[in-house]
Structure formats: structure tokens, C-alpha cells
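Worksheet for the structure shown next.
The values are calculated or read from the model by the stated rules, or taken from the named source; none is laboratory data. All values reported here derive from a predicted model rather than from experimental measurement. Every residue, glycine among them, receives a Cβ derived from its backbone with ideal geometry; neighbour counts consider all protein chains shown.
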Amino acid sequence: MQAAPAKVTHNELIKDANPTLAGTIKQTLLDANVDRFSEDDTQFLKFHGIYQQDDRDLRKTGKKYMFMVRGRLPGGVVSPELYLTFDKLAADCGNNTLRITSRQGFQFHGVVKGTLGPLMRGINEALATTLAACGDVNRNVMAPPTPSTSPVVERVHEDARLLSKALLPKTKAYHQIWVNGQELNLGDDDKDFVDPLYGKTYLPRKFKTAFAIPPLNDIDVFTNCLGFIAVAEGDKLLGYNLIAGGGLGMSHGNAETFPRMADVIGFHTPEQIEAVAKAVVTIHRDFGDRTNRKHARLKYVLEDRGAPWFREEVERRTGIKLENPRPFQFTKQGDLFGWHKQYDGKLFLGLYVETGRIRDAESYKLKSALKKIVEQFGTELRLTPSQNILVTNVDPQQQADITRVLAEHNIPVENQATVIRRASMACPALPTCGLALAESERMLPDLITRLESLLAELGLQNEEIIVRSTGCPNGCARPYMAEIGFVGKAPNKYQIYLGGNESCTRLNRLFKENVQNAAIIDELRPVLGRYAKERNQGERFGDWCERVLWRETPAAVN
């Protein structure tokens, strides 16, 4: 007797029933008597770049619903006009902060239902969008933010913008709800809508695309579903090495879920990039698991079927014979801080942003400083995957004035933070993220302070160590690529991972399973002490862990 087909998830059912992704969003938006959307509409809202959340600090007195809204900014490029709009909207409609994401976007936090409509209209009137910043579609396309000594960076950004547009869903609902302020009339044509790329039910799960230019892997390109590694000769872009199947999300206690680095598939020319990208997206569409959202990412298709099968499928769908991958090497990741020259004679300034949060504190007023700089000098901003910000295309004559404005707001240009703090990242976690099991953004600065004291005690205060923290195992701040990664396991308890490398081309490994925040330094002291005594000259902590620690203790120390 033939087995019945596996039952698809609830998300698949509601997408099939409402392929425009409109749901009842507009009706709820107009209803002043409710402060939240239905459970099904919260899934549709994600495609619109919106997450419904509640303030978890206030749950004992009842849920206070609010929203996180994520802007879609290909390559993290923010024009002066757009930045000033975002700055004002954050004050008028959110909590007066802008959160830089690990995918080069901006997030608005603390948005209530009454300001959600004005915020979305303001973003779209500024010719930006939140469409497909979340949901089961391709999300924000990442590209190297740092203006280099070559025009190749700008050429790669052109391809990032090309794919960002080519991979957008075509539903009319987003524009009609948020721009025109109209309820979508679900006639027969709308109910039978089929997206020309994604199909009626879109992808089984989220999809992430990124570009990188060796030797700098500032994108963490191997963590993406789809990646393009630029191959250049001087100032000429020859093409891309295609990679696929990366992704970091996992679930505690579920061995069938795991972080995975992308496979290198083959080489193709720049002119073939759209066809290749669409082929990869449709492979995920057609072969991804729609019965289990924890097993639905493209990485599991690659893991189950293999890279050779995947390459053949890309070639079959495109009619393109991929070449063998061209040689490349990544040597480091991370951002440049302070003033630097661009290839075109202009300057850019790298600014450290602690945990990615642009805000004004009592003395340190980064949000006000950036607003004044952009207003006075018309500078473009670029958001980095490490949650920092670059002030770009600066005329050399403006350098001293910009430095002065920053000093007036107590923001240094030199010695902005210690080397380990500059190499740290955290996801927002509590109190806003509904998935968070432990603190991250609010926890990490103090933990870094304690780590700094330990490193000074061991004579390691000048050693860069990549440290990343997340409040849950989904890995939004990419902790599984860090030299030291912290992953929330329960309130105030963390897993500790060790052994990533400087170029972010190696996954780390689980070191400790369930550690109280207060005990983290005691757990790290012995291993960092050994590193201080046993390391080779110039050897980084992650490489020492791989060479020594994991040969001695290949499994986690529980």
C-alpha cells in the first residue's frame, strides 16, 4: 500500500490560500480596537518586512504588542536623503534608535500599530522598501561595503542591485496596502496569482544571497544560501565562483538541524549571474522541504543531494555549462575603522557601533552626530555586515570638519574601542525578539568588559579575537563562525563555541553546553591561559583551538 504524502506545514497552507500575501492586514490596520494582527497575518507581515513582537520585559503585566520593521538596502548603501528620512522615522514612529542588522539593513524597533502605517509610507515615499526583507523569499542582497583600491567593488554592487530587483516577489498587495492605503480586492485573478519566479507558495523557507571580493570576507559569504565570490584581474571583473548551501540556523536538541558552510559549485561570467541566481532560487523552490520548516533551508537540499547533483541541476535549468571554480583565497574578515582613502581619491570613515545600535546616550550621541554630518556634508553611508557604519565619498577638505562634529558628540575617530570589542557582534534578542532564550545585545557589552580584563591579566590585551553572541540558536549574528561564540540556551545560560578563524571560512565547535553568564570567564580562563603560553608566533586563538584544543577534546566538554 502506497504511503500517504507527507503533510505540508501550516505556512504552506496559508500561502496557497492567499498567494498575494495580503491576508487581512489592511482590515486589521484600520481597526482601532485591536493592537495586534492574527497569527496567520503575522506570517504574511514577514514578507512585508515586519515582525509582530511584544515587550517581554512587560509580560508580567500583560503583553504590549509592537513591531520590528526591517528596511531592504542592497549592499547596505544608504543615500543621504534616505538616511535623514530613516533618522526622522525612528524618532517619530519607533524608539528613536536605528539597529544595523548583520545583513546590512536597518531595523526600526518599538513601533506600535498606530505608527506602523505612517512608518511604512514614509519609507516608501523615500523610494526605499521593506518588501522581502523577511519571509520565504530572497532577502536583502549583501555586498562588500568598503570602498577599495579598485572599481571592482562598485561593479559588484551593480550586480547586487540587479539581483535584488530580479529576485523581488511580484505581489500587488505590498504596494496597495502600504503605499496606496487600499485593501486588496481579492477577485479570482488575485486568488489564482502565481509569482513568476517563486510560484504560488513561494519558497519553503528564507533565502539569503551575498557577494564577496577576496581576500576580504567581510560578508561571511559561506553562511549564505547563495553566494558569489568575485574573480578579478586588476580592475576587471572576470566573473564569479558560485557557492550554495550555507546557513547557520539550528535548534537545540535537534541533531537533524545544524550550521553548514556553502559548497563551491563552479565559475560563470558576470553576464550569466541573473540566470544562475534564478536557477538556484527555483531549485530551493522545487526541492526544499515543505513538510518541516526546521529542515526547509537550501542547505539541507545540498546536504542531502550533494554538490555534483546541484551543479548539474543549475546547468540544466540555465543551459549554461559552469566552468571549474577559479582559485581564490580569503585571509580575513571585519571592518576598517578611522579615516581611509578610496580608489577615486575621496575618503571614507569607519565608525564602530556597539552591538549595531545607533542611538544617543547621555554623553555618546552617535545618532545626533550622524544626522548632523549627513545634513551638512551630504555623505553617503554604508552599513557593514559586522553592524558598523561607513561614512563614504568624503571630500578630503571635509575630513577635519567631520572629525570635529564627531568630537563635539564625544565620538572618537582614533582608538574607538578595544580590538576585541571592535570584533564583536550581538543580535537584539530580549526584550523584543520572540525567539530569544537569553540576553544578547544587552548582555554582550558587559561580557566584553570582563573578557578585556581577563585578556589583560593574561597579557593578551592586544590580540583580536572574534566574539559573537546570539540569544537563541538561529544564529543571526553568525556565532558559529566566531573564534568565541555564545548561543543562548535558557535564561542567563549559554553554549560556548570555540575555534572559528580570521577569514570566517571555518565553523567553530561546541566547547561548553550550559554555562551561567556569571561563570563564562571562569570557563574561558584555563583555555585562554593555555593559549597565551602555548601559541605559535602570530597564531590566532581560533587557530590554536583547532590545532591543539580540538585534537585533545574533539567533543564538547560538558
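Scanning the stretch 378-397 for residues that are crowded, with 18+ Cβ neighbours inside 10 Å, of a type outside the set (A, V, I, L, M) and over 19 Å from Ala423 (Cα atoms) turns up Thr379, Glu380, Thr392, Asn393. Residues of the stretch 36-76 that are touching a helix residue (DSSP H, G or I) at 6+ places or on another chain (Cβ under 7 Å) and within 30 Å of Pro147 (Cβ to Cβ): Val69, Gly71, Pro74, Gly75. Could you list all residues from the stretch 468-484 that are assigned to a strand (DSSP E or B), within 16 Å of the chain's Cα centre (by Cα) and not polar (S, T, N, Q)? Arg468, the sole residue that qualifies.
Of everything in the stretch 43-79 that is modelled with pLDDT of 95 or more and of a type in the set (Gly, Ala, Ser), the residue that is farthest from Ser102 (Cα to Cα) is Ser79.
Residue check, Glu513 against (1) in contact with a strand residue (DSSP E or B) (Cβ under 9 Å, 6 or more places away or on another chain); (2) surrounded by 15 or more Cβ atoms within 10 Å (Cβ to Cβ), all met but one. Which one? Condition not satisfied by Glu513: (2).
Would you list the strands (runs of 3 or more DSSP E) that sit entirely within the stretch 340-421 and hold 1 or more residues that are acidic (Asp, Glu), closer than 21 Å to Met142 by Cβ and out of contact with any Gly (no Cβ under 7 Å at 6 or more places or on another chain)?
On the way: elements: 347-351, 380-383, 389-394.
Correct list: 380-383.
The sole residue among Thr85, Thr24 that is surrounded by 15 or more Cβ atoms within 10 Å (Cβ to Cβ), under 23 Å from the mean Cα position of the chain (by Cα) and among the polar types (S, T, N, Q) is Thr85.
If you take the residues in the stretch 38-66 that are farther than 19 Å from Asp136 by Cα and in contact with a strand residue (DSSP E or B) (Cβ under 7 Å, 6 or more places away or on another chain), which one is surrounded by the most Cβ atoms within 10 Å (Cβ to Cβ)?
Looking only at the stretch 38-66, we keep the residues that are farther than 19 Å from Asp136 by Cα, and these are 54-66.
Keeping just the survivors that are in contact with a strand residue (DSSP E or B) (Cβ under 7 Å, 6 or more places away or on another chain) gives 54-55, 63-66.
Numbers: Asp54: 18, Asp55: 15, Lys63: 13, Lys64: 15, Tyr65: 14, Met66: 23.
Taking the candidates together, the pick is Met66.
Being surrounded by 22 or more Cβ atoms within 10 Å (Cβ to Cβ) and farther than 28 Å from Lys26 by Cβ is a description that applies to Pro145.
Name the single residue that is surrounded by the fewest Cβ atoms within 10 Å (Cβ to Cβ) among those in the stretch 94-111 being farther than 11 Å from Met66 by Cα and in contact with a His (Cβ under 7 Å, 6 or more places away or on another chain).
So in the stretch 94-111, the residues farther than 11 Å from Met66 by Cα come out as 96-107.
Filter again for in contact with a His (Cβ under 7 Å, 6 or more places away or on another chain), leaving 97, 99.
Details: Thr97: 18, Arg99: 25.
This residue is Thr97.
Of the residues making up the stretch 327-355, just one is within 15 Å of Leu390 (Cβ to Cβ), surrounded by 15 or more Cβ atoms within 10 Å (Cβ to Cβ) and hydroxyl-bearing (Ser, Thr, Tyr), namely Tyr352. Annotation note: of Thr171, Thr146, the sole residue that is under 20 Å from the mean Cα position of the chain (by Cα), part of a loop (DSSP other than H, G, I, E, B) and of a type in the set (Ser, Thr, Tyr) is Thr146.
Hey, does the stretch 517-532 have a residue that's among the acidic types (Asp, Glu), surrounded by 14 or more Cβ atoms within 10 Å (Cβ to Cβ), farther than 28 Å from Gly245 by Cβ and in contact with a strand residue (DSSP E or B) (Cβ under 6 Å, 6 or more places away or on another chain)? Within the stretch 517-532, one or more residues are among the acidic types (Asp, Glu), surrounded by 14 or more Cβ atoms within 10 Å (Cβ to Cβ), farther than 28 Å from Gly245 by Cβ and in contact with a strand residue (DSSP E or B) (Cβ under 6 Å, 6 or more places away or on another chain). For the stretch 273-306, which residues satisfy the criterion of being in contact with a strand residue (DSSP E or B) (Cβ under 8 Å, 6 or more places away or on another chain) and either part of a loop (DSSP other than H, G, I, E, B) or over 20 Å from Leu248 (Cβ atoms) (or both)? Within the stretch 273-306, Ile273, Val276, Ala277, Arg285, Arg297 qualify.
For the stretch 70-117, the set of residues classified as of a type in the set (Val, Ile, Thr), more than 14 Å from Cys433 (Cβ to Cβ) and touching a residue at least 24 places away in the same chain (Cβ under 8 Å) consists of Val77, Val78, Thr85, Thr97, Ile100, Val111, Val112, listed by residue number. With respect to Ile177, is the statement that it is in a helix (DSSP H, G or I), more than 30 Å from Gly475 (Cβ to Cβ) and among the aliphatic types (A, V, I, L, M) true? Yes.
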